[in-house]
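Notes follow the structure.
The values are calculated or read from the model by the stated rules, or taken from the named source; none is laboratory data. Just so you know, these numbers come straight off a predicted model, no measurement behind them. Note: ideal-geometry Cβ built from the backbone for every residue, glycine included; neighbour counts use all protein chains shown. Surface areas here come from the heavy atoms of the whole protein model, side chains and all, with no ligands, DNA or RNA. Shrake-Rupley method; radii C 1.70, N 1.55, O 1.52, S 1.80 Å.
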Amino acid sequence: MALLIHLLVCIFGMGSWVAINGLWVELPLLVTELPEGWELPSYLTVVIQLANIGPLLVTLFHHFRPGCLSEVPIIFILLGVGTIACVLFAFLWNVTSWLLGGSHSIAFIVLTFFLALVDCTSSVTFLPFMNRLPTQYLTTFFVGEGLSGLLPALVALAQGSGLTTCVNVTEVSDVTPSPMTTRETNVTQGVLSTLASALPGRTAPAVRLESRYLPAHFSPLVFFLLLSCMMAGCFVAFFLLQRQRRRWETSAEDLINSQITLRSISPREQKDVGPPDSSQGQEHGEKAAPDSPARLAFIYTLVAFVNALTNGVLPSVQTYSCLSYGPVAYHLAATLSSMANPLASFLSMFLPNRSLPFLGVLTVLGTSFGAYNMAMAVKSPCPLLQDHWSGDVLIVASWVLFIGCLSYVKVMLGVILRDRSRSALLWCGAAVQLGSLLGAVLMFPLVNVLRLFVSADFCNLRCPA
């Protein structure tokens, strides 16, 4: 039964961010079809941040009207809306409308807002609900939250989303360049060269390489239907988890009633027994509530800082930091770092360490790996060790260790706050969203307005020796 509960909690945790993560990994296919092109991620960033109105309202309700808002019906509504929105995405993702003198993906943007509203609000509803379950299940929840990024990435990898190849493009002066496959170029290049050199005033054709996306193995329709199945699975898991929790509460009430019926303590015995020990149920004093305001401030600051790095700052520059090393290094870094999140959460089950100095040191270590990733993004398209295999190994390992270290910190901070109170978990979710928001707001102008980062075209890298 415990294994079943762990499985249900893991699937439930996966529903926290699986929809938006799935949307991001599908972007390489979507931008080639939608009128916004590669400006679409900028639109999505703004829409997702607007969806933070959801967690803001929930947090304000809990602060000013405590007890009037139950997270259980809200979670049912969120998972239902997320499932329906994913199904609608499958059929409406490429529907465009004429607005302000141009064609725009209005349906896509509106549905993105609802998915973002679901995922952002999950931070302040899913975590407080986990306070109703025993502590050991919170770590399993974070494992599921990590899988919300890994599973869509694996589906997108099987689909072929974002995979590129280098193709030859032949250019002749006064003639519009036309893309050609390698086979076509091999057949026609010699003929074109001969004809061009024979014509007066014409130069020989220039052949260059360009990056082109490979055709997908299945369409976005299939991808979004699979995503809707994941959301539906989360809905079912939460429904079963809620029923199981009610059984626990009923069993506990029956046990208490049977103990009261079987034995009544006399006044003399009650005097000898004394008041119940308030420390009972805590393990070795390790789970004592962190009552110090300075300690709590440090924990919440750490939560916001870690989530700003992992959800806002570094994801904005992952392509810049990795793509200069080639498509293989980029896909390895993206996939293995997604695996590092649930693996680090799983590791915390067996090697828990709630020491704040240790978590602070681990945060500094993870931040140093993030700083290396940022430095390589700044140096794009000519990062360090670009022409050596050690550069590929370093950038992949740095991304994996960055995500792994900070994922472990996030889990242990959540466990510390869970043992304090349900309200502490609510504010933990608010700190998660605040950090993610600040990270995204910081990076948006740097990437999309000031354009401080330069994209790399691996097929045409021209770096100084």
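Output the residues belonging to the stretch 328-349 that are under 15 Å from VAL25 (Cα atoms) and of a type outside the set (Val, Ile, Thr).
Matches in the stretch 328-349: TYR330, HIS331, LEU332, ALA333, ALA334, LEU336, SER337, SER338, MET339.
So which residues in the stretch 96-113 are in contact (Cβ under 8 Å) with a residue 60 or more places away in the chain and either open to solvent by 10 Å² or more (accessible area, probe 1.4 Å) or of a type in the set (A, V, I, L, M) (or both), if there are any at all?
THR96, GLY102, SER103, HIS104, ILE109, PHE113
Please specify each residue of the stretch 62-121 satisfying the condition of being of a type in the set (A, V, I, L, M, F, W, C) and modelled with pLDDT under 85.
Step one: list which residues in the stretch 62-121 are of a type in the set (A, V, I, L, M, F, W, C), which gives 64, 68-69, 72, 74-79, 81, 84-93, 95, 98-100, 106-111, 113-118, 120.
Result: PHE64, CYS68, LEU69, TRP98, LEU99, LEU100.
The conditions are (1) at pLDDT below 80; (2) in a loop (DSSP other than H, G, I, E, B); (3) polar (S, T, N, Q); (4) open to solvent by less than 30 Å² (accessible area, probe 1.4 Å), and SER42 fails exactly one of them. Which is it?
Among (1) at pLDDT below 80; (2) in a loop (DSSP other than H, G, I, E, B); (3) polar (S, T, N, Q); (4) open to solvent by less than 30 Å² (accessible area, probe 1.4 Å), SER42 violates only (2).
Can you tell me which residue among VAL409, VAL400, VAL449 is open to solvent by 20 Å² or more (accessible area, probe 1.4 Å), over 14 Å from SER123 (Cα atoms) and either in contact (Cβ under 8 Å) with a residue 24 or more places away in the chain or basic (Lys, Arg) (or both)? Before the answer, list the steps.
Details: VAL409 fails: open to solvent by 20 Å² or more (accessible area, probe 1.4 Å); VAL449 fails: either in contact (Cβ under 8 Å) with a residue 24 or more places away in the chain or basic (Lys, Arg) (or both).
Every option except VAL400 fails the conditions.
Taking the condition modelled with pLDDT under 85, open to solvent by 20 Å² or more (accessible area, probe 1.4 Å) and on the phi > 0 side of the Ramachandran plot, does LEU385 pass?
Details: modelled with pLDDT under 85: yes; open to solvent by 20 Å² or more (accessible area, probe 1.4 Å): yes; on the phi > 0 side of the Ramachandran plot: yes.
Yes: the conditions hold for LEU385.
With respect to ALA19, determine if the residue is more than 23 Å from MET130 (Cβ to Cβ), open to solvent by less than 20 Å² (accessible area, probe 1.4 Å) and part of a helix (DSSP H, G or I).
Here the answer is no, as ALA19 does not meet what is asked.
Assess whether VAL9 counts as being over 19 Å from the mean Cα position of the chain (by Cα) and either in contact (Cβ under 8 Å) with a residue 12 or more places away in the chain or assigned to a helix (DSSP H, G or I) (or both). First the steps, then the outcome.
Values: over 19 Å from the mean Cα position of the chain (by Cα): no; either in contact (Cβ under 8 Å) with a residue 12 or more places away in the chain or assigned to a helix (DSSP H, G or I) (or both): yes.
No, not satisfied.
Only one of LEU150, LEU163, LEU154 is open to solvent by 60 Å² or more (accessible area, probe 1.4 Å) and modelled with pLDDT of 60 or more; which?
Among LEU150, LEU163, LEU154, only LEU154 is open to solvent by 60 Å² or more (accessible area, probe 1.4 Å) and modelled with pLDDT of 60 or more.
From the residues in the stretch 323-358 that are surrounded by 21 or more Cβ atoms within 10 Å (Cβ to Cβ) and over 18 Å from the mean Cα position of the chain (by Cα), which one is nearest to THR301 (Cα to Cα)?
Residues of the stretch 323-358 that are surrounded by 21 or more Cβ atoms within 10 Å (Cβ to Cβ), as a first pass: 323-325, 329-330, 333-334, 337-338, 340-342, 344-345, 348.
The next check asks that each one be over 18 Å from the mean Cα position of the chain (by Cα); those that pass are 323-325, 329, 348.
Details: LEU323: 32, SER324: 34, TYR325: 34, ALA329: 33, SER348: 21 Å.
It comes out as SER348.
Could you tell me which residue of the stretch 45-61 is nearest to GLY149 (Cα to Cα), considering only residues that are modelled with pLDDT of 80 or more and open to solvent by less than 70 Å² (accessible area, probe 1.4 Å)? Spell out how you get there, then give the answer.
Initial filter on the stretch 45-61 (modelled with pLDDT of 80 or more): 47-48, 50-61.
Within this subset, residues satisfying the condition of being open to solvent by less than 70 Å² (accessible area, probe 1.4 Å) are 47-48, 51-52, 54-55, 58-59.
Values: VAL47: 19, ILE48: 16, ALA51: 19, ASN52: 20, GLY54: 21, PRO55: 21, VAL58: 25, THR59: 25 Å.
Out of the qualifying residues, it is ILE48.
Of everything in the stretch 288-345, what is farther than 27 Å from CYS10 by Cα and among the aliphatic types (A, V, I, L, M)? Give them in sequence order.
ALA294, LEU296, ALA297, VAL317, LEU323, VAL328, ALA329
Residues that are open to solvent by 50 Å² or more (accessible area, probe 1.4 Å) and either closer than 19 Å to PRO220 by Cα or not in a helix (DSSP H, G or I) (or both): does the stretch 116-127 have at least one?
No, every residue in the stretch 116-127 fails to be open to solvent by 50 Å² or more (accessible area, probe 1.4 Å) and either closer than 19 Å to PRO220 by Cα or not in a helix (DSSP H, G or I) (or both).
Kindly check whether there is at least one residue in the stretch 320-338 that is assigned to a helix (DSSP H, G or I) and farther than 24 Å from VAL393 by Cα.
For the stretch 320-338, residues assigned to a helix (DSSP H, G or I) and farther than 24 Å from VAL393 by Cα: absent.
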